[in-house]
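S.K.: I'd like to ask you about the structure that follows.
The values are calculated or read from the model by the stated rules, or taken from the named source; none is laboratory data. Values in this document were obtained by computation on a predicted structure and should not be read as measured data. Cβ placement follows ideal geometry from the backbone for every residue including glycine, while neighbour counts extend to all protein chains displayed. In case anyone asks, the SASA skips ligands and DNA or RNA and just uses the protein heavy atoms, side chains included. Shrake-Rupley method; radii C 1.70, N 1.55, O 1.52, S 1.80 Å.
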Amino acid sequence: QVQLVESGGGLVQAGVSLRLSCAASGRTFSSYAMGWFRQALGKEREFVATINWSGGFTYYADSVKGRFTISRDNAENTVYLQMNSLNVEDTAVYYCAANRVVATTTSGYAYWGQGTQVTVSS
């Protein structure tokens, strides 16, 4: 069982950066792949980024590639999402998720956090 708590969301202006954190409970965090997803109002939850257990493999959605960076600190049981050059289209609730293997679909993840709101104003 893994419990996840996201933080770091907020209201920002377009063009700035924001870093989200996801703190995980449990002693087996380092054995899980982690993912970030987002859900805008009225839209389906969509994949953003994923990272394998060691941090040696990462994969991004085309919409965020080159702007967002996923990373993890297994000693701190935390995964991060560094978001640069934010734009209005990035406005959404951002969720972190955990699973035994990397995946790009919501069905590929067994554990989810409660989400953190990111709002980007123009």
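S.K.: Only sites in a loop by DSSP and with at most 16 other Cβ atoms within 10 Å count here; which trypsin sites (Lys or Arg not before Pro) in segment 24-82 make the cut?
M.R.: Passing sites in segment 24-82 are R27, K43, K65, R67.
S.K.: Also: Where the centre of each part is set by its Cα atoms, how far does segment 47-104 sit from segment 1-41, in angstrom?
M.R.: 8 Å
S.K.: OK, next. Over the chain, what is the mean sequence separation of C-alpha contacts under 8 Å (at least six apart), divided by residue count, expressed as relative contact order in percent?
M.R.: It comes to 37 percent, rounded to a whole number.
S.K.: Averaged per residue, what accessible area in Å² does the chain show with a 1.4 Å probe, protein chains only?
M.R.: In whole numbers, the chain has 51 Å² accessible per residue.
S.K.: According to a simple spin-label model (label point 7 Å from Cα along Cα-to-Cβ), what is the distance in nm between E44 and S85?
M.R.: About 2.7 nm separates the two model spin labels.
S.K.: Tally up the carbon and sulfur contribution to the accessible surface of the chain as a whole percent, 1.4 Å probe, everything protein left in place.
M.R.: 49 percent
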